[in-house]
Amino acid sequence: MNTAAHYIGNELELFRHARNWKTYYRKRLSSYIHGHVLEAGAGIGETTLHLLNEQVDTWVCLEPDASLSEKISEKISTGELPPKISVKTGTTEDYTLPSLFDTIVYIDVIEHIEDDRAELRRAAGLLKAGGHLIILVPAHQWLFSPFDKAIGHYRRYNKKLLRQAVPASLKSKELFYLDSLGLLASLTNKLFLKKEYPTAQEVKFWDNLIVPVSKAVDPLILFSTGKSLIGIWQKP
């Protein structure tokens, strides 16, 4: 990512209606999201809309692609997103003041950044004391597929790799996988279908049928594996 970045891929539109999935991870994250929030790589604002809650005072959507940040601005101006939300075109490199935010959120973003460690060092510097860093990434490098390549992923993550990317100064609060059944669907695509993009119908099938089953299965296997990995860290 950089200030003049242009986002490749169209999965933002494909997955914008994956409401079961967004509701699933929102329930695991909502208690950490409050006060002044920065969402890095905000895309078209769909994740913003799902994660926003009454405990949030302000929410900055940081998006390096000007065409995408313009779409967020339009949603704010039309009232689709509330006025407590603002948008800034750029990256964390454009912030020079330290300790601005209570929560910083990266949802399916870090895998798009070549130097993830430098990015997360900057994020740690923007957190207030006691603030939380929330990261959701695609899991397991052995699942890396033509779809990952097509949308600009540098990597997928396991727990060790994500821990290594986060500054040691931050305290780990939670680290767990979600969507165990979705993992099987991704593996099927990698081994057999080898598709660069799912269709809208396939996304709906995953969201309406696979995600609800994962919600039932994930706790039974103690969130030990899944298609996505979530990590939450706190600044001392």
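Just so you know, all these numbers are worked out from the coordinates, no wet-lab data involved. As the structure is a prediction and not an experimental result, all values here were calculated from the model. Every residue, glycine as well, gets a Cβ built from its backbone with ideal geometry; the counts of neighbours run over all protein chains shown.
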Report task. Largest first and to the nearest Å, give the Cα extent of the chain along each principal axis. Result -> 48, 38, 32
**Report entry** Amide N proximity, segment 29-55 versus residue 19 label position 7 Å along Cα-to-Cβ, cut-off under 15 Å
**Finding:** 46-47, 49-51
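Provide the gained length on full extension for the span residue 184 to residue 99, in nm with one decimal, where the gain is 0.36 nm per separating residue minus the Cα-Cα distance. Provide the component values of the computation, followed by the final result.
Working: separation 85, 0.36 × 85 = 30.60 nm, distance 4.03 nm.
Taking residue 184 through residue 99 to full extension adds about 26.6 nm, to one decimal.
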**Report entry** Average Cα contact separation per residue, segment 127-236, under 8 Å, 6 or more apart, as relative contact order %
**Finding:** 50
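Once you have the Cα-Cα distance between residue 30 and residue 74, take 0.36 nm times their residue separation minus that, and quote the gain in nm to one decimal. Don't skip to the answer; put the middle values down first.
Details: separation 44, 0.36 × 44 = 15.84 nm, distance 2.54 nm.
Length difference between fully extended and current span is 13.3 nm.
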Query raised in the report: When we measure straight from the Cα of residue 215, which lysines land under 17 angstrom away, once same-chain ones fewer than 8 places off are left out?
Result: 22, 27, 204, 227
Report summary line: Scoring the chain by relative contact order with C-alpha pairs under 8 Å, at least six apart, yields a percentage of 22
